[in-house]
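Have a look at the structure below, then the notes.
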Amino acid sequence: MDGACLCLLRHGQSQWNLENRFTGWADVPLTDAGRREAREAAKRIADQGIRFDVAFASVLGRCVESVQIVLHALDSGSIPVHLDMALNERKYGDLEGLDKAETAAKFGDEQVQIWRRSYDGRPPHGESLKDTQERVLPYFSSEIEPVLREGKNVLVIAHGNSLRALVMVVEGLTAAQIQNVEVPTGVPLIYRFDGPLHIVEKRELTGAIE
């Protein structure tokens with residue numbers, strides 16, 4: 001199919017994902033399961049016959065290692081890779097490192113859900129999704145979108161919330177709709193565009209690995 005392809009991929013499982021902790025900008029490493037997720041994501045991408053021209057990623061180690069694993073598995077280690085803090089996870093402020101279940105017990109499920117999923121709910125001394133979007137989108141507009149307009153295929157490996165910020169804009173979702181969007185670790189989300197960057201296909205690459 002003609003037109004550019006954008007793949008959004010959340011890094012593989014990190015140690016604090018495993019421990020159910022708020023992570024944010026803490027530089028937490030991948031688990032062995034997370035590395036396996038990255039390899040499996042690459043296999044799913046390869047099965048679609050997709051070859052990337054350029055990759056973008058957060059500067060945090062769990063994304064840097066994920067992009068290395070994916071590109072190595074795709075035999076694409078020579079393509080340009082751009083790392084930028086603009087793609088980092090949202091800052092969780094006072095919640096960073098805390099157990100999510102314990103935090104819900106302390107502050108209430110409803111309050112924690114607002115902090116985690118709402119558009120403009122900001123945890124103490126942290127960022128809301130809106131705050132995160134305000135640094136992600138200028139970077140997308142200036143660095144990633146022009147590459148897509150050239151018809152090139154782009155891989156973006158980032159975090160649950162920085163990717164939700166992108167999904168919201170790419171799909172034209174409302175603040176209410178984005179609350180229901182979850183971006184799982186290691187599952188490639190593929191968009192194919194026409195020349196003016198209208199979505200012509202969207203696919204989540206899940207299922208068994210052959």
Selection over the range 156-201 where residues are surrounded by fewer than 13 Cβ atoms within 10 Å (Cβ to Cβ) and part of a strand (DSSP E or B) yields a count of 2
In the range 118-135, what count of residues is obtained for those that are within 16 Å of Glu96 (Cα to Cα) and surrounded by fewer than 19 Cβ atoms within 10 Å (Cβ to Cβ)?
4
Search result, residues across the range 1-59 that are under 25 Å from Glu171 (Cβ atoms), assigned to a strand (DSSP E or B) and either modelled with pLDDT under 95 or touching a helix residue (DSSP H, G or I) at 6+ places or on another chain (Cβ under 8 Å) (or both):
Leu6, Cys7, Leu8, Leu9, Arg10, Val54, Ala55, Phe56, Ala57
Considering only the range 1-39, state which residues are acidic (Asp, Glu) and either under 16 Å from the mean Cα position of the chain (by Cα) or within 19 Å of Leu95 (Cβ to Cβ) (or both).
Glu19, Asp27, Glu37
From the list Glu134, Glu143, Glu150, exactly one residue is free of Cβ contacts under 8 Å to residues at least 12 places away in the same chain, under 30 Å from Asp53 (Cα atoms) and not polar (S, T, N, Q). Which is it?
Glu134
If you go through the range 107-122 one residue at a time, do you hit one that is closer than 16 Å to Thr23 by Cβ, over 17 Å from the mean Cα position of the chain (by Cα) and either assigned to a helix (DSSP H, G or I) or not hydroxyl-bearing (Ser, Thr, Tyr) (or both)?
yes
If we keep just the residues of the range 14-30 that are farther than 20 Å from Ala165 by Cα and of a type in the set (S, T, N, Q), which is surrounded by the most Cβ atoms within 10 Å (Cβ to Cβ)?
Ser14
Do you know which residues across the range 76-117 are β-branched (Val, Ile, Thr) and either within 30 Å of Ala46 (Cβ to Cβ) or surrounded by fewer than 16 Cβ atoms within 10 Å (Cβ to Cβ) (or both)?
Ile79, Val81
Note: among Ala33, Ala73, Ala57, just one is over 25 Å from Ile114 (Cβ atoms), crowded, with 20+ Cβ neighbours inside 10 Å and not β-branched (Val, Ile, Thr), namely Ala57
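The values are calculated or read from the model by the stated rules, or taken from the named source; none is laboratory data. The structure displayed is predicted, hence computed values, not measured ones. With ideal geometry, Cβ positions are generated from the backbone for all residues, glycine too; neighbour counts draw on all protein chains shown.
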